[in-house]
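The values are calculated or read from the model by the stated rules, or taken from the named source; none is laboratory data. From a predicted model like this one, the values you see are computed outputs, not experimental measurements. Neighbour counts are summed over all protein chains in view; Cβ atoms, including those assigned to glycine, are modelled from backbone coordinates with ideal geometry. These area figures cover heavy atoms from the full protein model, side chains too; ligands, DNA and RNA do not enter into them. Shrake-Rupley method; radii C 1.70, N 1.55, O 1.52, S 1.80 Å.
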Amino acid sequence: MKPFRNLLEKIKPNFEKGGKLEKFYPAYNAFETFLFVPGHTAPANGAHVRDAIDLKRTMILVVVSLIPCLLFGMWNVGYQHYRALGIADASFIDNFIFGAIKVMPIVIVSYAVGLGVEFTFAIIRKHQVNEGFLVTGMLIPLILPVDIPLWMVAIATIFAVVIGKEVFGGTGMNILNPALTARVFLFFAYPTKMSGTDVWVNTQVQKGQQVVDGFSGATPLGDAASGFSDKIPGVWQSFVGIIPGSIGETSALACLIGAAILIYTGIGSWRIILSVFVGGFVMATIFNLFGLNTLMQLSPIHHLVLGGFAFGAVFMATDPVTATQTNTGKYMYGFLIGLLAILLRVFNPAYPEGMMLAILFMNVMAPLIDHYVVQANIRRRLKRAKI
Amino acid sequence: MSNYIKLKRGLNIKLAGEADKTISTLPLPETVAIKPHNFIGVTPKLLVKQGDEVQAGTPLFYDKGNEAVKFCSPVSGEVIEIIRGEKRKLLEVRILADKETTYVDFDRVNPANLTRDAIIQAILNSGVWPFIRQRPFGIIANPREKPKSVFISAFDTNPLAPDNDFIIEQDGEDFETGLDALQKLTDGKVHLNIHADKTALKVFTGAKGVQINTFSGPHPAGNVGVQIHHIDAVNKGEVVWCVYPQDVVVIGRLFNKGRFNASRVIALTGSHVEKPKYYTTIVGGAIKNIIADGGLKNGKNRIISGNVLTGKQISADGYLDFYDTQITVIPEGDEPEFMGWLMPGLSKFSISRSFFSWLTPNKKYDLNTNLHGEERPFVVTGEYEKVFPMDIYPVQLLKSILVEDIELMEKLGIYEVVEEDFALCEFICTSKIESQDIIQRGLELVRKEMG
């Protein structure tokens with residue numbers, strides 16, 4: 001550790017006031033604090049000891065909780081690929097390696113571009129590089145289809161960081177979830193690369209290989225929206241996630257492992273996660289009563305394990321900055337996300353995956369919910385004063 | 001009749017260095033200092049000059065804003081130094097203490113036989129009044145006002161806090177007299193709040209003429225602000241007075257013995273004290289002898305007058321703050337830590353389970369003063385609420401202060417809180433936001449607005 005420290009101390013004067021590279025201090029500071037938790041001590045007044053947690057730890061734990069989704073996604077990309085080509089004897093390792101080769105470039109582009117933008121903004125606006133992108137950089141690849149061109153990943157990331165976050169003042173100030181901003185941008189700007197039947201499974205063939213007859217790369221929700229109820233995989237298969245879809249979203253199981261980590265460590269809000277599932281369950285049950293089309297007939301549990309529902313509930317809805325801030329509000333916010341997601345799924349055949357839009361819509365509504373929750377508290381106080 | 005209030009939200013920070021249950025009687029400190037900045041909102045007007053001889057009970061200065069409120073010397077001796085800061089602001093009045101204290105004589109009377117006005121006069125004249133403070137704002141009570149109730153928290157839940165059961169035991173009689181006097185000050189009740197597990201002393205549990213309320217739960221259950229919130233919440237325009245148990249004893253001594261005797265027992269605590277235990281000293285006493293007797297461990301230490309959550313850093317030749325009954329010594333944490341945010345963190349304390357220290361829930365921690373991160377905007381939500389057992393939205397209140405919206409502060413409950421109520425929020429904050437400082441600014445804004 002000492003050599004690192006010495007090196008940092010040696011180059012530090014260049015970045016401090018009056019140094020040659022003064023402008024780049026935020027970049028230097030980001031690296032320094034990345035390597036070393038600074039020796040800053042509590043002020044002479046106030047709490048002299050502090051909890052060991054900081055935003056870096058919080059964010060890295062969210063990244064850790066995303067790892068099951070990432071690993072499963074890699075395997076599933078390979079599995080779906082070999083299945084489409086009719087290669088039955090592809091081993092677990094084959095699947096995983098194929099997936100890793102496809103997925104890692106997307107992850108790398110997302111992080112490289114996103115952090116590049118973050119550093120640029122930090123230097124221009126002279127603020128510190130914020131940790132928020134550690135998570136966003138991992139979320140973006142996981143909610144994209146595997147066949148997305150890398151340049152689109154780059155543009156979407158830039159759009160998400162600049163328009164989704166920095167224009168509002170950086171992490172903690174944004175209104176919309178940055179990762180979903182990236183996805184919604186791609187969805188409306190390049191719909192052919194974000195929906196349909198051709199993007200979810202990689203069907204690139206090498207010499208001597210060919211896609212099997214009658215293969216469809218549609219997601220289960222796509223099939224359901226088209227009324228192919230017989231093509232929808234079973235609940236168990238959907239729960240484990242062996243279905244086509246965005247890279248990291250298919251496995252409800254992996255999402256639940258992530259949820260367990262988030263809730264146990266106290267980082268993620270169980271209130272939101274729980275109420276999203278409850279909201280979705282309630283809405284799907286109501287639709288079951290009518291059962292007018294395939295999606296309405298789908299059982300509630302099945303709804304919850306298909307598509308991006310579980311992933312959105314665990315990793316997107318819980319983003320503390322864009323969610324409601326009050327505990328009461330969190331129940332309402334989560335419930336409405338679940339409700340709207342299923343509602344959009346069923347009533348919007350053009351876009352069977354409603355989770356993204358439901359969360360973004362509720363991101364916008366979150367301050368309103370909080371407003372009413374806080375107003376209720378104010379009214380309680382006023383009422384008490386009169387008695 | 002007894003109320004039982006069960007608090008769930010909060011956090012006990014388990015620190016190493018609890019004081020041993022023995023009291024060491026040291027000779028009176030050589031010097032004593034009264035620091036006007038211990039009294040929020042007081043503009044001091046000096047009554048003595050360097051070289052003056054004073055007795056215990058001789059006024060040193062009074063409050064320009066409220067001339068009846070006098071601040072008296074707790075010892076007899078010579079005013080050796082008057083320390084002023086920028087713009088001649090009065091910082092400290094230091095007194096070289098006599099070996100034997102001589103006291104100004106006040107009347108020895110039974111407060112039960114006195115009128116409210118007579119009691120207030122007696123307390124004001126003797127310099128005991130500053131021990132009575134009020135909510136809102138946590139300032140010294142205004143003797144012209146009548147509080148709707150008086151609150152005494154018989155237990156302290158702060159980290160390593162002194163045990164009032166142990167301290168008050170020998171002063172039971174004075175404590176009772178003090179209670180008698182306080183009962184005359186309000187038309188409402190005097191609430192004596194005890195802890196379900198921590199309080200067993202008969203003086204508290206068997207106190208007469210007062211309302212006894214039992215609390216259970218972790219810190220901040222012992223904070224009087226939390227107790228007021230749950231029993232007799234302060235609304236706009238209302239005032240509640242509060243007194244610390246040892247200060248009730250000081251009031252009692254005034255009536256029993258006719259003296260301003262502000263001697264007290266304090267706890268020397270903290271992981272960097274060799275022999276943490278209790279000491280007798282006096283309000284504003286120099287801490288030099290206590291530190292020397294208790295012994296400090298090697299290394300860079302931070303000496304705090306008060307506890308680790310709300311205290312003030314003082315130097316080794318400094319003085320105890322006026323209201324404090326505790327000295328805490330912990331190591332400074334100014335060493336950068338390699339990849340500290342990535343390590344398992346078995347010895348790191350966190351309310352979250354984000355470090356693997358959750359494997360050892362009963363461990364006592366040797367925490368240093370490191371911030372463990374840099375300040376950030378509010379990001380994580382719902383964490384303050386876990387340690388804030390009041391029906392108030394802490395983050396929303398802090399934000400209303402940041403935008404200086406006084407009306408909103410009022411609506412969100414600024415009158416019910418003081419800095420110490422946000423100490424745990426500050427402790428657990430992921431974004432390392434100085435919430436106690438923000439609350440102080442908010443209280444000051446509202447106080448100035450009200451004139």
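Residues of the stretch A:309-337 with the amide nitrogen closer than 15 Å to a label point 7 Å from the Cα of B:ASP391, along Cα-to-Cβ, please.
Once the point is set 7 Å along Cα→Cβ of B:ASP391, A:328 turn out to lie under 15 Å by backbone N, inside the stretch A:309-337.
Compute from the Cα atoms of chain B the Rg and the Dmax, the latter being the longest Cα-Cα distance, and quote both in angstrom.
21.5, 67
In Å and from the alpha-carbon atoms only, list the Rg and Dmax of the stretch B:383-450.
11.0, 34
What is the spin-label model distance, in nm, from A:LYS383 to A:ILE11 if the labels are put 7 Å beyond Cα along the C-beta direction?
Computed distance between label sites A:LYS383 and A:ILE11 equals 6.1 nm.
Compute the FRET efficiency between B:LYS64 and A:ASN45 as 1/(1 + (r/R0)^6), taking r as their Cβ-Cβ distance and R0 = 30 Å, and round to the nearest 0.05.
FRET efficiency, B:LYS64 to A:ASN45: 0.80.
7 Å from Cα along Cα→Cβ at both A:ILE301 and B:GLU169: what's the point-to-point distance in nm?
With each label placed 7 Å out from Cα toward Cβ, I get 6.1 nm.
Find the sum over both chains of the accessible area lost when B and A are paired, probe 1.4 Å, and report it in Å² to the nearest 100.
5900
Excluding ligands and nucleic acids, what accessible area in Å² is computed for B:CYS242 using a 1.4 Å probe, to the nearest 10?
Here the accessible area works out near 20 Å².
Rounded to a whole number, what is D in µm²/s for the stretch B:112-217 from Stokes-Einstein with the Kirkwood radius over alpha-carbon pairs (37 °C, 0.692 mPa s)?
On the way: Rh = 14.8 Å.
It comes out at roughly 222 µm²/s.
Nothing charged except the Cβ atoms of Lys and Arg (+1) and of Asp and Glu (-1): what's the magnitude of the dipole of the stretch A:1-78 about its Cα centre? Round to the nearest 20 debye.
Once rounded to the nearest 20, the dipole reads 240 debye.
Is the shape of the stretch A:15-60 rounded, prolate or oblate, going by the alpha carbon gyration tensor and its root eigenvalues a ≥ b ≥ c, with a/c under 1.5 for rounded and a/b larger than b/c for prolate?
Since a/c reaches 1.5 but b/c is at least a/b, the shape of the stretch A:15-60 is classed as oblate.
Summarise the partner chain shielding of A:29-40 as one whole number: the mean count of Cβ atoms from other chains within 10 Å of each residue's Cβ.
Average per residue, whole number: 6.
Determine the calculated [θ] at 222 nm for the protein assembly as shown from helices alone, applying -39500 (n - 2.57) to every DSSP H run no shorter than 4 residues and normalising by the residue count; nearest 500 deg cm²/dmol. Working shown, then result.
Details: 27 runs with 336 residues, N = 838.
Counting only the DSSP helices, I get -12500 deg cm²/dmol.
Mean separation of Cα pairs under 8 Å and 6+ residues apart, divided by the residue count of chain A: what relative contact order is that in percent?
Working: 600 pairs, mean separation 58.6, N = 387.
Reported relative contact order: 15 percent.
What's the carbon and sulfur percent of the protein assembly as shown's accessible surface, probe 1.4 angstrom, rounded to a whole number? Before the final figure, lay out each step's value.
Details: 19590 of 33880 Å².
On the protein assembly as shown, the fraction of accessible area on carbon and sulfur atoms equals 58 percent.
How about B:LYS8: which aspartates and glutamates have a C-alpha closer than 15 Å to its C-alpha, ignoring those fewer than 8 places off in the same chain?
Partners found: B:ASP197, B:GLU383, B:GLU385, B:ASP391.
Give the value in nm², to one decimal: projected area of the alpha carbon convex hull of the protein assembly as shown, averaged over all directions. Please report the intermediate quantities before stating the final value.
Working: hull surface 160.0 nm².
Projected area, direction-averaged: 40.0 nm².
Would you work out the charge dipole size for the protein assembly as shown about its Cα centre, treating the Cβ of every Lys and Arg as +1 and the Cβ of every Asp and Glu as -1, and quote it to the nearest 20 debye?
Numbers: 80 positive and 79 negative charges, 139 e Å.
With Lys and Arg at +1 and Asp and Glu at -1, about 660 debye.
With N set to the number of residues, divide the alpha-carbon radius of gyration of the stretch A:152-227 by 2.2 N^0.38 Å and report two decimals.
Values: Rg = 17.1 Å, N = 76, 2.2 N^0.38 = 11.4 Å.
Normalised Cα radius of gyration, the stretch A:152-227: 1.50.
Please compute the alpha carbon radius of gyration of the stretch B:303-373, then divide it by the globular-protein estimate 2.2 N^0.38 Å. Two decimals is fine.
Numbers: Rg = 14.8 Å, N = 71, 2.2 N^0.38 = 11.1 Å.
Ratio of Cα Rg to 2.2 N^0.38 Å: 1.33.
Give the calculated FRET efficiency between A:VAL63 and B:SER347 to the nearest 0.05, with a Förster radius of 22 Å applied to their Cβ-Cβ distance. Spell out each step's value before the answer.
On the way: r = 23 Å, r/R0 = 1.07.
Step by step, r from the Cβ atoms, then E = 0.40.
Under unit Cβ charges (Lys, Arg +1; Asp, Glu -1), what dipole magnitude, rounded to 20 debye, does the stretch B:4-257 have relative to its Cα centre? Walk me through the intermediate numbers first.
Numbers: 31 positive and 31 negative charges, 225 e Å.
It works out to roughly 1080 debye.
Using alpha carbon centroids, what distance separates the stretch A:102-146 and the stretch B:180-232, in Å?
54
Over the stretch A:107-237, one equal point on each Cα, no solvent: what is log10 I(q)/I(0) by the Debye formula at q = 0.17, 0.18, 0.21, 0.23 Å⁻¹?
Reported log10 I(q)/I(0), two decimals: -0.90, -0.96, -1.14, -1.28.
Counting only other chains, and only Cβ atoms inside 10 Å, what mean value do you get across the residues of B:335-347?
On the way: counts 6, 13, 7, 7, 7, 9, 15, 6, 3, 0, 3, 0, 1.
Whole-number average of other-chain Cβ neighbours for B:335-347 is 6.
Mark the label point 7 Å from the Cα of B:LYS448 along Cα→Cβ and return the residues of the stretch B:27-58 whose backbone N is within less than 13 Å of it.
Taking a point 7 Å out along Cα→Cβ of B:LYS448, the residues of the stretch B:27-58 whose backbone N falls under 13 Å are B:41.
Relative contact order of the stretch A:220-273, please, whole-number percent, based on alpha carbon pairs below 8 angstrom and at least 6 residues apart. Before the final figure, lay out the partial values.
Values: 40 pairs, mean separation 10.6, N = 54.
Reported relative contact order: 20 percent.
Please give the FRET efficiency for A:LEU150 paired with A:VAL282, using the beta carbon to beta carbon distance and R0 = 56 Å, rounded to the nearest 0.05.
Taking R0 as 56 Å, the efficiency between A:LEU150 and A:VAL282 is 0.90.
Among B:67-79, B:291-303, how do they line up from the highest to the lowest mean number of other beta-carbon atoms within 10 Å? Present the calculation step by step, with values, prior to reporting the outcome.
On the way: B:67-79: 21.5, B:291-303: 15.7.
Put in order of decreasing packing, that is B:67-79, B:291-303.
Picking from B:ILE428, B:VAL446, B:LEU412, whose Cα lies most toward the positive end of the charge dipole for the stretch B:383-450 (charges on Cβ: Lys, Arg +1; Asp, Glu -1)?
Positive-end residue among those listed: B:ILE428.
Leaving out ligands and nucleic acids, note down the accessible area per residue over the protein assembly as shown with a 1.4 angstrom probe, in whole Å².
Here the per-residue accessible area is 40 Å².
Can you pick out the pairs among B:LYS198/B:LYS277; B:LYS275/B:LYS364; B:LYS89/B:LYS411; A:LYS20/B:LYS432; A:LYS10/B:LYS312 whose Cα atoms lie more than 24 Å from each other?
On the way: B:LYS198/B:LYS277 18 Å; B:LYS275/B:LYS364 17 Å; B:LYS89/B:LYS411 35 Å; A:LYS20/B:LYS432 31 Å; A:LYS10/B:LYS312 35 Å.
Table pairs above 24 Å Cα-Cα are B:LYS89/B:LYS411; A:LYS20/B:LYS432; A:LYS10/B:LYS312.
In nanometres, what is the gap between the two model label sites at B:TYR4 and A:ILE101, each 7 Å from Cα along Cα-to-Cβ?
Simple spin-label model gives 7.0 nm for this pair.
Could you please tell me the mean projected area of the C-alpha convex hull for the stretch B:4-257, averaged over all directions and given in square nanometres to one decimal? It would help to have the intermediate numbers written out before the result.
On the way: hull surface 58.9 nm².
Reported value for the Cα convex hull: 14.7 nm².
Under 8 Å for C-alpha pairs, at least 6 residues apart: give me the relative contact order for chain B, rounded to a whole percent.
Working: 1008 pairs, mean separation 85.5, N = 451.
Answer for chain B is 19 percent.
Would you give the gap between the C-alpha center of the stretch B:60-85 and the C-alpha center of the stretch A:263-328, rounded to a whole Å?
65
Set the bar at 31 Å for Cα to Cα. Now go through B:LYS49/B:LYS148; B:LYS70/B:LYS386; A:LYS165/A:LYS193; A:LYS56/B:LYS300 and name every pair that lies beyond it.
Details: B:LYS49/B:LYS148 39 Å; B:LYS70/B:LYS386 41 Å; A:LYS165/A:LYS193 24 Å; A:LYS56/B:LYS300 27 Å.
Too far apart for the 31 Å limit: B:LYS49/B:LYS148; B:LYS70/B:LYS386.
Farthest toward the dipole's positive end in chain B, which of B:ASN113, B:ILE140, B:PHE255, given Cβ charges of +1 (Lys, Arg) and -1 (Asp, Glu) about the Cα centre?
B:ASN113
With point charges of +1 on the Cβ of Lys and Arg and -1 on the Cβ of Asp and Glu, referenced to the Cα centre of the protein assembly as shown, which listed residue (A:ASN363, B:ALA181, B:ILE212) lies farthest in the positive direction of the dipole?
A:ASN363
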